[in-house]
1. From the residues in the stretch 47-66 that are part of a strand (DSSP E or B) and hydrophobic (A, V, I, L, M, F, W, C), which one is least open to solvent (accessible area, probe 1.4 Å)?
2. Checking LYS107 against (1) within 11 Å of LEU31 (Cβ to Cβ); (2) touching a residue at least 24 places away in the same chain (Cβ under 8 Å); (3) not small (Gly, Ala, Ser), which single condition isn't satisfied?
3. Take the residues in the stretch 1-46 that are outside any strand (DSSP E or B), small (Gly, Ala, Ser) and open to solvent by less than 40 Å² (accessible area, probe 1.4 Å); name whichever of them is nearest to LEU148 (Cα to Cα).
4. Filter the stretch 78-97 down to residues that are in a strand (DSSP E or B) and under 20 Å from ALA127 (Cβ atoms), then give me how many there are.
5. Only one residue in VAL117, VAL69, VAL75, VAL124 is outside any loop (DSSP other than H, G, I, E, B) and within 23 Å of GLY24 (Cα to Cα). Which one?
6. Going by the conditions given, is ASP57 farther than 15 Å from LYS114 by Cα and of a type outside the set (S, T, N, Q)?
Amino acid sequence: MIAVLQRVKRAAVSVDEAVVGECGAGLYVLLGVAAGDTEKDADALAEKIVNLRIFPDENDKMNLSLVNVDGEMLVVSNFTLLASYKKGKRPDYMGAAAPADADRLYKYFTELCKKSVKRVECGVFGAHMITDMTTDGPVTIVMDSKMLTSGK
């Protein structure tokens, strides 16, 4: 799984001009599920994301997690994070999980996050979505679950 985290003041995602998910201060997460990913990848990524110390403490030092600051989360599925751009000018997405597997793991991941985070909302899997956000920092981090699960 690949996740792109952005610390935000607020974020929203719309489908057909209707807001389907939003959050206040916290994290906007794009989540791409790779072929071969399992619940183990989602477990590792969710635990790392909700506890990652990227929010400022009273001394303005990034020392607090999403859980510590009682932040919120918006998670949007994004298979294009698995793009291969090695050959040619058009990326291919052969590394992305099949839609049924990706949707299942996307939902599993968000349910895990809901166990620790007071408000977790989502986009609509497979839909064309428009996002609107106010970033904070900016703080943007790219995570790969394989770095957390490979044992290296």
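The values are calculated or read from the model by the stated rules, or taken from the named source; none is laboratory data. All values reported here derive from a predicted model rather than from experimental measurement. When we count neighbours, we look across all protein chains shown, and the Cβ atoms used for this are built from the backbone with ideal geometry, even at glycine. Note: areas computed on protein heavy atoms with side chains; ligands, DNA, RNA excluded. Shrake-Rupley method; radii C 1.70, N 1.55, O 1.52, S 1.80 Å.
1. Taking the candidates together, the pick is PHE55.
2. (2)
3. Here the residue is ALA44.
4. The qualifying residues number 1.
5. Checking each option against the conditions leaves just VAL75.
6. Yes, satisfied.
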